[in-house]
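Report on one structure; see the data block that follows.
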Amino acid sequence: MKFVVITYGTEGDTRPMALLCRALMDAGHGAHLLADAVTLGCATALGVPATGLAGDIRRVLRQDTKLAKDGGGFGHTASAFARIARVNSEAWLRAAVAAGEDCDAVVLGGLAGFVGFSAAEALGIPAIGTGLIPITPTRAFASPFLRPATVPRSLNRMSHTLVNTMLWRAFKAPVNAARRAVCGLPARRHLWTDRPMLYGISPSLVPQPADWPPTARVCGQWLAPVMDWTPPPALGEFLAAGEPPIYLGFGSMAALGGARLLREALAALRGRRALFYPGWGSVAGADLPANVHVLADAPHGWLFPRTTLVVHHGGAGTAHAAARAGVPSVVVPFAGDQFFWADRLRHAGAAPPPVPAKGLCADRLARAIDAAGEGAPRAGAAALAASIGREDGLKTAVTAILALTKR
């Protein structure tokens, strides 16, 4: 079988889809990934055929200072996403339809999800939705785009429907314009709600809700297998020179943080050894104290078990990687679903309460780092890692995709 796989977002959105493509290829099938060009390094490393989509999400994040100042509010997050879709939906749909010729299904996710559904409709092939955020309505928890504990339990299911409808309304005009211009398809009035959804998330963090339909499934995390990796000499020497360090990195969200956030985060270390990953931010090595080593890209599966704890933004991929490594987290959420993952790690006993990026201060972050280093979070992290270690999310997802595309 042949699959076109389309997503749009940060590296945290693209990497799991590249791994899913690789798993499909290893099972003897063809897969072609479409995603933001700047995020395709992981696909290249995995040997996955890939094409860059129009747009530059890194530039958008760097320019969108209001997203950081808003503190991750849903309204502005949805608007920021919709602006990206408004400019690029037509180009994305053209690319998806072209790449999907002679394919058996479209596998879709991220900001390109609605475009992927439209491409499958135009091509007359199945559409299989994927997600790293559980958006299928359920009574078990509120929409991950809303702050935890702000929605009464009785309204959990309604919150999903409301948020999903609001997202569709934000994307509706550019998607319908693209459908008309590229494929001659009629305007879509309502959100797609009857398509399969496969989630690359761990049931150890989000158990399968009992009220989900059979077509929605928590598969397990889509993470790269832990492999031997030879670190650069400077990193190897730093790790060998003392006790396991703290990992400090905010991934693509670093573009939103600015100099003040970095200054407060570094001050919170209180002289402790740390590895700092600038992500999509920027930093001059001369500005950092001697106890901090600046990282280039390093595989989380190899690196995190060599740290004492992980300070991160709460993206789904990083949250899962820290959980799999068995080390406590301190989550500094910026926007969107990051507050949800912070809460999930806290409930699993693997993290203290989160420290939001908005208005971050060194004292508060330092207290959270101290709390994460205590016995209870370490025990919780170890138990969570043991549970996640029994999962095979990619195998489960591939089996489900093949079952859904049998003709």
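When Leu146, Leu185, Leu108, Leu191 are checked against the criterion of being closer than 21 Å to Gly30 by Cα and of a type in the set (A, V, I, L, M), a single residue qualifies: Leu108. Within segment 258-296, the set of residues being under 23 Å from the mean Cα position of the chain (by Cα), of a type in the set (Gly, Ala, Ser) and either at pLDDT 75 or above or closer than 19 Å to Ala322 by Cβ (or both) comprises Ala265, Gly279, Ala296. Take the residues in segment 181-214 that are in contact (Cβ under 8 Å) with a residue 60 or more places away in the chain and of a type in the set (Val, Ile, Thr), then tell me which one is surrounded by the fewest Cβ atoms within 10 Å (Cβ to Cβ). Step by step, filter segment 181-214, then rank; the result is Val206. Only one entry of Thr230, Thr193 meets the criterion of being of a type in the set (Val, Ile, Thr) and either closer than 25 Å to Ala43 by Cα or not in a loop (DSSP other than H, G, I, E, B) (or both), and that entry is Thr230. Scanning segment 28-45 for residues that are surrounded by fewer than 22 Cβ atoms within 10 Å (Cβ to Cβ), modelled with pLDDT of 95 or more and either of a type in the set (Phe, Trp, Tyr) or in contact with a helix residue (DSSP H, G or I) (Cβ under 6 Å, 6 or more places away or on another chain) (or both) yields a single hit, His32. Criterion applied to Gly393, Gly373, Gly389 was being within 16 Å of Ile201 (Cα to Cα), modelled with pLDDT under 95 and not hydrophobic (A, V, I, L, M, F, W, C), and the one residue passing it is Gly389. For the condition under 29 Å from Thr51 (Cβ atoms) and either assigned to a helix (DSSP H, G or I) or modelled with pLDDT under 95 (or both), Gly116 qualifies. Among the residues of segment 354-373, is there at least one that is crowded, with 23+ Cβ neighbours inside 10 Å and farther than 26 Å from Leu266 by Cβ? So far as segment 354-373 goes, no, none of its residues is crowded, with 23+ Cβ neighbours inside 10 Å and farther than 26 Å from Leu266 by Cβ. Those helices (runs of 4 or more DSSP H) of segment 316-392 in which at least 1 residues are in contact (Cβ under 8 Å) with a residue 40 or more places away in the chain, within 17 Å of Pro244 (Cβ to Cβ) and of a type outside the set (Lys, Arg), considering only elements entirely within it, cover 316-325, 362-372, 375-388. In this entry, Pro244 passes the filter for residues that are part of a loop (DSSP other than H, G, I, E, B), assigned by TED's automatic domain parsing to the domain that holds Pro354, surrounded by fewer than 21 Cβ atoms within 10 Å (Cβ to Cβ) and modelled with pLDDT of 95 or more.
Determine if segment 6-27 includes at least one residue that is aromatic (Phe, Trp, Tyr) and either under 16 Å from the mean Cα position of the chain (by Cα) or at pLDDT 95 or above (or both). Yes, that holds for at least one residue. For residues in segment 333-344 being at pLDDT below 95 and in contact with a Leu (Cβ under 9 Å, 6 or more places away or on another chain), which is surrounded by the most Cβ atoms within 10 Å (Cβ to Cβ)? Here the residue is Phe334.
The values are calculated or read from the model by the stated rules, or taken from the named source; none is laboratory data. Keep in mind that what you see is a predicted model, and the values were worked out from it rather than measured. Cβ sites come from the backbone with ideal geometry, for glycine too, and all protein chains shown count toward neighbours.
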